[in-house]
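To keep things clear, I will list the structure first and then write my remarks on it.
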Amino acid sequence: MNHTAKIPHIKSVETRHLEERETLFRGLHSLDRRSFLKVSTGAAAAAVAAGVSNHFHSFLPVNVAYAADSAGAPGFTFAYISDSHLYVKQTNERFVRQLLRAVDDVNKLDPQPDFVFFGGDLAQLGRKEELDLGAQILKSLKAPLHMMVGEHDWFFDMGHRWNELFGAQTYSFDHKGVHFVVLMSVQEKDFWSARGMSPAERMHTVAGLDNAVQSAFEVGAAQREWLRKDLEKVPTSTPLIVFSHSPLYKLYRPWNFWTDDAEDVQALLQRFDRVTVLHGHTHQVLTNRIGNIQFHGMLSTAWPWPYAPQGMPALTVQMNRPNPFDSNDGLGDGTIAVHPDGLVDMLYGLWNRDPMQVKASYLSSGGKSDIPVAPTLASY
Ligand SMILES: [Fe+2]
Ligand SMILES: [Fe+2]
């Protein structure tokens, strides 16, 4: 007797997942904007239906009064997405899915942010295929996009493809009374030529955190001179927001949570009344203040780094250590509310967790008021 003939055909979760993945990637092969949106929306819906992904968080209302200040400047918001670390899609589609989720999150914001900032490490190994895939996904954002480079985008072809796709890696722009500066803070001294390294070996060396081969990240003399000139024309009363991929201070050298010429860059920012530095690379809630400069790290959509073994800056309220069995835990994207005076409230949209908000008033008061509420769910 053939028992198997009586068993109804039931697709396992894995089979459904694989079919869904196939649909996603068939769509990604040749997508124009319209088909891309269809595919990504379908994939997100399928993931929810299969219980693969938890609910999409909704952003907390940002507690900022948008009254114009005495000079008449309005407040505004922008969104951030960072550190997606895309591999070619045959290798790892999970990171693709996670970047899609961040794009969905930001596209759902109502009202839309003034712009979206991408904090670097779009790619994992700097390959053209990875960068092209990232560019294609980010095209679906409704709001205008500003890009920053990370070390994973750079050291395979020394920025060639990234520059083709996104333009210059160092630039500035003005928006509603705030002067924005974007730096390439992950320059390294040439450790590869004398060792006869191939581009792939160079990239792999930089991508491996804890090795003694690569040199420390730096902004470098040429770019510091560019910055000095760029800021020359900016009055000290103008609020300044600086983006760097690595933190513009020295936290932990073995993981390059570090910028070697940080003090020289800080010196150029010192004369301004209100300065905020926002950085990628550290993949965690990270808060610091040095003199007049307030620092915030961005979340990653790919993986969370643990906190550096030597500890955190005193003002950091630690996010939870993520659940190792939940691939979306410890990840996220977020929004930044820029006050009329130019200081910012950073909202960390931690996926599957309560959002965390780190306000300008918390940093300005030296940690005495508006202490961020840490996530209440379990830490692992
Ligand atoms: Fe990263
Ligand atoms: Fe990085």
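The values are calculated or read from the model by the stated rules, or taken from the named source; none is laboratory data. Not measured: the values here are computed from a predicted model. Using ideal geometry, Cβ is built from the backbone for each residue, glycine included, and neighbour counts are taken over all protein chains shown. Heads up: the accessible areas ignore ligands, DNA and RNA and are worked out on the full protein's heavy atoms, side chains in. Shrake-Rupley method; radii C 1.70, N 1.55, O 1.52, S 1.80 Å.
Criterion first (within 14 Å of Asp333 (Cβ to Cβ), assigned to a strand (DSSP E or B) and within 15 Å of ligand 1 (Cβ to nearest atom)) does Leu278 satisfy it?
The answer is yes for Leu278.
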Whichever residue in the stretch 102-130 is open to solvent by 10 Å² or more (accessible area, probe 1.4 Å) and assigned to a helix (DSSP H, G or I) and, among such residues, is farthest from ligand 2 (Cβ to nearest atom): Lys108
Qualifying residue in the stretch 330-348 (condition: more than 17 Å from Val116 (Cβ to Cβ) and without any contact (Cβ under 8 Å) to a residue 60 or more places away in the chain): yes
Residue tally, condition out of contact with any helix residue (DSSP H, G or I) (no Cβ under 8 Å at 6 or more places or on another chain) and surrounded by fewer than 23 Cβ atoms within 10 Å (Cβ to Cβ), over the stretch 339-352: 3
Boolean, Asp157 is away from ligand 1 (no atom under 16 Å from the Cβ), over 22 Å from Ser246 (Cα atoms) and acidic (Asp, Glu): no
Boolean, Phe257 is within 14 Å of ligand 1 (Cβ to nearest atom), of a type outside the set (Val, Ile, Thr) and over 18 Å from Gly177 (Cα atoms): yes
